[in-house]
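Peer 1: Dropping the structure in here first, questions after.
The values are calculated or read from the model by the stated rules, or taken from the named source; none is laboratory data. Computed from a prediction, not measured in an experiment: that's the story for all the values here. So basically every Cβ, Gly included, is an ideal-geometry build from the backbone, and we count neighbours across all protein chains shown.
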Amino acid sequence: MPQWHPHREQKNLPDEFPVNPLFSRQGEVTIPRLRIGDQGMLPETAYQIIHDEIALDGNARLNLATFVTTWMEPDAKRLYGESFDKNMIDKDEYPQTAAIEERCVRILADLWNSPNPDTTMGVSTTGSSEACMLGGLALKRRWQKLRKSKGLSTDRPNIVFSSSVQVVWEKFANYWDVEPRYVNINPDHPYLDAEGVINAVDENTIGVVPILGVTYTGVYEPIAAIAKALDELQEKTGLDIPIHVDAASGGFIAPFLQPDLIWDFRLPRVKSINVSGHKYGLVYPGLGWVIWREKEDLPEDLIFRVSYLGGNMPTFALNFSRPGAQVLLQYYNFLRLGKDGYYAVQKTSQENALFLSKEIGEMDAFEILADGSDIPVLAWKLKEDYTPNWTLYDLSRQLRTYGWQVPAYPLPADMEEITIMRIVVRNGFSRDLAHLFMVNFKQAVEFLNSLDRPVLKDTKYDNGFHH
Ligand SMILES: Cc1ncc(COP(=O)(O)O)c(C=O)c1O
């Protein structure tokens, strides 16, 4: 796979570039690219240079690859503009922001059916990645304490998840010295299954991490069945293995669209849950949450205290300083939307996902793998033997010519020979845009089908991207 190297790309550009002297102050005529200039420049000049350069970024509204919110309504933007100076760690200086964070924790604990939503522990984070690290660390510490109390070795902790986990869990295992045990997916079980979990766990397993909304395809892993299998294992062997649910996307979908699905703290084995506020929580980038089932599920010795209104307040985070504005935006959404509003937004996204699945599924070329019935994400593959002339990577490039960003990428081990394409339908991708997308999608396929030989290209550019 080719490595796009930002530094090499920069080095291919001239070290300095000139600006039009008519629109800049004297002395601002040439600007060094890779050093801080000796003098500053007018704010307008700095603004214009960066404004022009980021015009080369993709259009966020046409970005069907990301899970992350790219649109909020004007009042939310106004609030954002009024609060981007808040630092989340300064609880004493911004006590109301701290109080609102605390309120959001209670709201999420209640939404996910914690038995003690008023007293349990939870924190905001920069995203699900930080939230997963904290959830994983709590599992590791709990396991270490239990083992030490019995005089047993704590040398070889492991953690169990499917091969389709998001990269953050690979990072967790790597950074915190925990052996990752992957249960490989297969066509019969394209997600983590109870049998695979039971075969993978042992006395050194700190926890099992099923995903509510697999990143690759959007499908829910069967959390209740996995919990049941672990209950049975405990009855037989005494091994009590906790579950952390990675609900990065599904944590803000299932409570509204599938309220009867049992995946959360209604299962006593589920000890912690993370979600991205900046995905289906509908907040701009920079927000995640992790909530523990009950206070006791977060080992006390991981908690630090920061001063707050003459006393102190417990926190657990990797960052110290962090923007507080997104937390306020999360609370804005809770107030503004209520359960009805969240339902309406998520249902609209789901209906648009189902609409696209139907349209794409009716085309000769494709087979739908996930239609958006779990989270509003659809994924499809090219039918076997459909054409030797083009691949989904070519289709992805072709769609880019209209501005649409739709990723193509291989599935994880043991299904890596299958390439899929995925669309994440988010708030702001309207039915009107979905119709317009389908026009371009069919044009792109028609163009590729008109080729009488394979697309000429170097396959090293067939690199997928996903989030
Ligand atoms: C299942 C899952 N877990 C974790 C993450 C990481 O989330 P974030 O980007 O909020 O750090 C993602 C992102 O797509 C995800 O899909």
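Peer 1: Condition check: among the β-branched types (Val, Ile, Thr) and either within 12 Å of the ligand (Cβ to nearest atom) or not in a loop (DSSP other than H, G, I, E, B) (or both). Does residue 185 satisfy that?
Peer 2: It is false that residue 185 is among the β-branched types (Val, Ile, Thr) and either within 12 Å of the ligand (Cβ to nearest atom) or not in a loop (DSSP other than H, G, I, E, B) (or both).
Peer 1: Run residue 279 past the list (1) in contact with a Phe, Trp or Tyr (Cβ under 8 Å, 6 or more places away or on another chain); (2) surrounded by 24 or more Cβ atoms within 10 Å (Cβ to Cβ); (3) outside any loop (DSSP other than H, G, I, E, B) and report the number of the one that doesn't hold.
Peer 2: (3)
Peer 1: How many residues does the stretch 247-266 hold that are within 17 Å of residue 376 (Cβ to Cβ) and away from the ligand (no atom under 15 Å from the Cβ)?
Peer 2: Of the residues in that region, 6 qualify.
Peer 1: Do we have any residue at all in the stretch 85-99 that's basic (Lys, Arg) and modelled with pLDDT under 95?
Peer 2: yes
Peer 1: Hey, among 209, 275, which residue is in the same structural domain as residue 98 (by TED's automatic domain parsing), within 11 Å of the ligand (Cβ to nearest atom), in contact with a His (Cβ under 6 Å, 6 or more places away or on another chain) and in contact (Cβ under 8 Å) with a residue 12 or more places away in the chain?
Peer 2: 209
Peer 1: Same structure, new question: Which residues, taken from the stretch 12-67, are in contact with a Ser or Thr (Cβ under 8 Å, 6 or more places away or on another chain) and without any contact (Cβ under 8 Å) to a residue 12 or more places away in the chain?
Peer 2: 60
Condition check ((1) over 30 Å from residue 327 (Cα atoms); (2) out of contact with any strand residue (DSSP E or B) (no Cβ under 8 Å at 6 or more places or on another chain); (3) assigned by TED's automatic domain parsing to the domain that holds residue 422; (4) among the hydroxyl-bearing types (Ser, Thr, Tyr)) across all residues:
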position: 40; (1), (2), (3), (4): yes, yes, no, no
position: 67; (1), (2), (3), (4): no, no, no, no
position: 99; (1), (2), (3), (4): no, yes, no, no
position: 104; (1), (2), (3), (4): no, no, no, no
position: 115; (1), (2), (3), (4): no, yes, no, no
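Peer 1: Please indicate, with yes or no, whether at least one residue in the stretch 163-172 is among the charged types (D, E, K, R), closer than 15 Å to residue 412 by Cβ and in contact with a helix residue (DSSP H, G or I) (Cβ under 6 Å, 6 or more places away or on another chain).
Peer 2: no
Peer 1: From 207, 250, 218, which residue is crowded, with 16+ Cβ neighbours inside 10 Å and touching an Asp or Glu at 6+ places or on another chain (Cβ under 6 Å)?
Peer 2: Result of the check over 207, 250, 218: 218.
Peer 1: Next up: Kindly evaluate residue 385 against the criterion of being outside the structural domain of residue 97 (by TED's automatic domain parsing) and more than 30 Å from residue 118 (Cα to Cα).
Peer 2: Yes: the conditions hold for residue 385.
Peer 1: If you take the residues in the stretch 253-263 that are in a loop (DSSP other than H, G, I, E, B) and in contact with a helix residue (DSSP H, G or I) (Cβ under 8 Å, 6 or more places away or on another chain), which one is surrounded by the fewest Cβ atoms within 10 Å (Cβ to Cβ)?
Peer 2: Only one residue tops the list, namely 262.
Peer 1: What's the number of the condition residue 191 fails, among (1) assigned to a loop (DSSP other than H, G, I, E, B); (2) more than 16 Å from the ligand (Cβ to nearest atom)?
Peer 2: Residue 191 satisfies every listed condition except (2).
Peer 1: Quickly run through the stretch 410-426 and pick out the residues that are touching a Phe, Trp or Tyr at 6+ places or on another chain (Cβ under 8 Å) and surrounded by fewer than 20 Cβ atoms within 10 Å (Cβ to Cβ).
Peer 2: Across the stretch 410-426, the qualifying residues are 412, 413, 419.
Peer 1: Give me the residue from the stretch 110-127 that is of a type in the set (A, V, I, L, M) and under 22 Å from residue 68 (Cα atoms) and, out of that set, farthest from the ligand (Cβ to nearest atom).
Peer 2: Here the residue is 111.
Peer 1: Here's a follow-up. Where residues in the stretch 278-318 are within 16 Å of the ligand (Cβ to nearest atom) and of a type in the set (Ser, Thr, Tyr), which of them is nearest to residue 95 (Cα to Cα)?
Peer 2: 284
Peer 1: Name the single residue that is farthest from residue 278 (Cα to Cα) among those in the stretch 135-165 being crowded, with 23+ Cβ neighbours inside 10 Å and within 15 Å of the ligand (Cβ to nearest atom).
Peer 2: Out of the qualifying residues, it is 159.
Peer 1: Does residue 171 meet the test of being within 12 Å of the ligand (Cβ to nearest atom), of a type in the set (D, E, K, R) and surrounded by fewer than 20 Cβ atoms within 10 Å (Cβ to Cβ)?
Peer 2: yes
Peer 1: Of the residues 287, 298, 302, 329, which single one is under 30 Å from residue 142 (Cα atoms), within 19 Å of the chain's Cα centre (by Cα) and of a type outside the set (Asp, Glu)?
Peer 2: Answer to the check: 287.
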